[in-house]
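Have a look at the structure below before the remarks.
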């Protein structure tokens, strides 16, 4: 049986979509083929790498991808991760089931790295929880 294809989108493809991609690969790589992308490419945020490493998931080898290169591919699910209060929803056309998950962008926090990593942990854990709920619904 072919794995379902999931594309995570966020405005910059540096943190939230990378975290979601890493978790889904770790939790269900046998069931899903997963990618992440965005309308911009900013590279992977080092604090996202740190936060995920704390959970035993290495995303340091991930790359930031432009969604333009993935528009023509077939996706079963396109999941947008963004903050509607401060960001525009990444637009994506196609026949995929579209989901919007709202998470703040932790990279907007300023200060020293020790203070800035906490918002990344919060978003990481919120994304993990949301993915676990979504996976349970897929099984149901």
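The values are calculated or read from the model by the stated rules, or taken from the named source; none is laboratory data. Everything numeric here is computed off the predicted structure, so don't read it as measured data. A quick note on method: Cβ atoms are made from the backbone with ideal geometry, for glycine too, and the neighbour counts reach across all protein chains shown.
What the table shows:
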read-out: Qualifying position, being within 17 Å of the chain's Cα centre (by Cα) and not in a loop (DSSP other than H, G, I, E, B), among 116, 98; value: 98
read-out: Residue 64 assigned to a loop (DSSP other than H, G, I, E, B) and surrounded by 11 or more Cβ atoms within 10 Å (Cβ to Cβ); value: yes
read-out: Selection count where residues are part of a loop (DSSP other than H, G, I, E, B) and closer than 20 Å to residue 118 by Cα, scope the range 13-42; value: 3
read-out: Selection status of residue 128, surrounded by fewer than 16 Cβ atoms within 10 Å (Cβ to Cβ) and assigned to a helix (DSSP H, G or I); value: no
read-out: Identity of the residue in the range 50-61, more than 15 Å from the chain's Cα centre (by Cα) and without any contact (Cβ under 8 Å) to a residue 40 or more places away in the chain, that ends up surrounded by the most Cβ atoms within 10 Å (Cβ to Cβ); value: 53
read-out: Residue in the range 83-94 that is closer than 18 Å to residue 22 by Cα and at pLDDT 85 or above present; value: no
read-out: Subset of the range 71-82 (residues that are under 15 Å from the mean Cα position of the chain (by Cα) and surrounded by fewer than 20 Cβ atoms within 10 Å (Cβ to Cβ)); value: 77
